[in-house]
1. So residue 215 passes all but one of these: (1) open to solvent by 60 Å² or more (accessible area, probe 1.4 Å); (2) under 18 Å from residue 122 (Cα atoms); (3) at pLDDT 80 or above. Which condition number does it fail?
2. Looking at this structure, is residue 101 of a type in the set (Gly, Ala, Ser), open to solvent by less than 40 Å² (accessible area, probe 1.4 Å) and farther than 30 Å from residue 233 by Cβ?
3. When you check residue 73 against the structure, is it in contact (Cβ under 8 Å) with a residue 24 or more places away in the chain and more than 24 Å from the chain's Cα centre (by Cα), yes or no?
4. For the range 108-126, enumerate the residues that are part of a helix (DSSP H, G or I) and exposed (fewer than 15 other Cβ atoms within 10 Å of the Cβ).
5. With the checklist (1) closer than 30 Å to residue 161 by Cα; (2) aliphatic (A, V, I, L, M); (3) open to solvent by less than 30 Å² (accessible area, probe 1.4 Å); (4) at pLDDT 85 or above in hand, flag the one item residue 204 doesn't pass.
6. Among the residues of the range 141-163, write down those that are of a type in the set (D, E, K, R) and touching a residue at least 40 places away in the same chain (Cβ under 8 Å).
7. Which of the residues belonging to the range 28-50 are part of a helix (DSSP H, G or I) and free of Cβ contacts under 8 Å to residues at least 12 places away in the same chain?
8. I need the full set of residues from the range 127-139 which are open to solvent by 40 Å² or more (accessible area, probe 1.4 Å), of a type outside the set (Phe, Trp, Tyr), over 18 Å from residue 104 (Cα atoms) and part of a strand (DSSP E or B), in order please.
Amino acid sequence: MYEYIKKFGFGKKTGIDLPAEEEGIIPKSLDEISNVRLATLSYGHGIAVTPIQMITAINAVVNGGNLYKPRIVKEIEDSDTNNVFVNNSQVVRRVISKETSKKMREMMKSGVEHGTADGAKISGYDVGGKTGTSVKFVDGAYQMETTVASFLGVFPSENPKYTILAVIDEPKGASSGNVVAASCVKNIIKSIIDLEGILPDSSAETDSEEVEVPDIVGLKVLDAVNLLIENGLEHSITSFEVDSDDLVLSQAPAKGEKNQKRIYCRYNDRK
């Protein structure tokens with residue numbers, strides 16, 4: 001675990017051409033990693049990374065396994081389109097094998113097409129993605145109701161050309177990365193598709209018939225779930241403990257929207 005944290009570039013500046021870059025926070029040595037901390041590190045507690053570190057790391061995950069030094073400027077041309085400066089890409093090190101990278105691309109694609117990253121799905125196009133939903137550490141304790149929601153998308157998933165990270169600080173209502181951040185990434189990818197005139201991939205999955213989302217806010221959990229099932233919709237619960245008498249506090253997508261994917265429900269204990 002510790003070896004790969006460092007291999008992916010966390011805890012060290014990327015060297016990007018911008019001032020005031022931070023190193024982030026990782027354990028200083030193996031001695032700091034207890035059994036409990038090893039477990040919590042696996043889902044992001046006790047470690048802090050910058051957005052550019054995350055982008056750099058995920059690029060290594062999907063590009064065949066090489067970690068590159070990020071660049072702001074690729075090249076500079078004069079008025080006659082002659083290159084006066086070329087900022088060549090630099091491989092820092094190999095992190096994972098090509099075979100592992102291929103498997104990760106397939107998993108990220110599957111997450112968008114069939115899993116909990118489906119908020120970024122675009123009919124006819126292959127998109128890969130990973131959600132992120134973290135709680136904030138405030139006054140010495142993790143605050144479960146104060147979150148940072150994020151989504152990291154790669155497009156196209158098989159031979160990625162774009163990596164997009166959206167981070168939403170303390171979203172209100174629905175708080176998962178898939179609900180509040182994936183739509184941002186999806187809209188950016190749609191703009192890229194329009195700008196470059198990218199045609200749909202005939203081999204890519206297309207959306208099935210969409211249905212209208214029912215209103216489940218205020219219903220008991222069991223009644224809400226049954227209504228969603230009747231409409232052919234799946235659901236995910238954004239609470240740790242849910243009782244059958246709890247009421248639905250919020251939902252995403254909202255009532256009346258067209259959707260053929262998963263509905264996210266936040267529940268509120270009546271007691």
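The values are calculated or read from the model by the stated rules, or taken from the named source; none is laboratory data. Because the structure is predicted, anything quoted here is derived from the model rather than measured. Don't worry about glycine lacking a Cβ; one is built from the backbone with ideal geometry, like all the others, and counts go over all protein chains shown. These area figures cover heavy atoms from the full protein model, side chains too; ligands, DNA and RNA do not enter into them. Shrake-Rupley method; radii C 1.70, N 1.55, O 1.52, S 1.80 Å.
1. Residue 215 satisfies all of (1) open to solvent by 60 Å² or more (accessible area, probe 1.4 Å); (2) under 18 Å from residue 122 (Cα atoms); (3) at pLDDT 80 or above except (2).
2. Working: of a type in the set (Gly, Ala, Ser): yes; open to solvent by less than 40 Å² (accessible area, probe 1.4 Å): yes; farther than 30 Å from residue 233 by Cβ: yes.
Answer is yes for this residue.
3. On the way: in contact (Cβ under 8 Å) with a residue 24 or more places away in the chain: yes; more than 24 Å from the chain's Cα centre (by Cα): yes.
Yes.
4. Correct list: 110, 114.
5. Only one criterion is unmet by residue 204, namely (4).
6. Hit for the range 141-163 is 158, nothing else.
7. Within the range 28-50, 31, 32, 35, 36, 37, 39, 40 meet the criteria.
8. Across the range 127-139, the qualifying residues are 133, 134, 136, 138.
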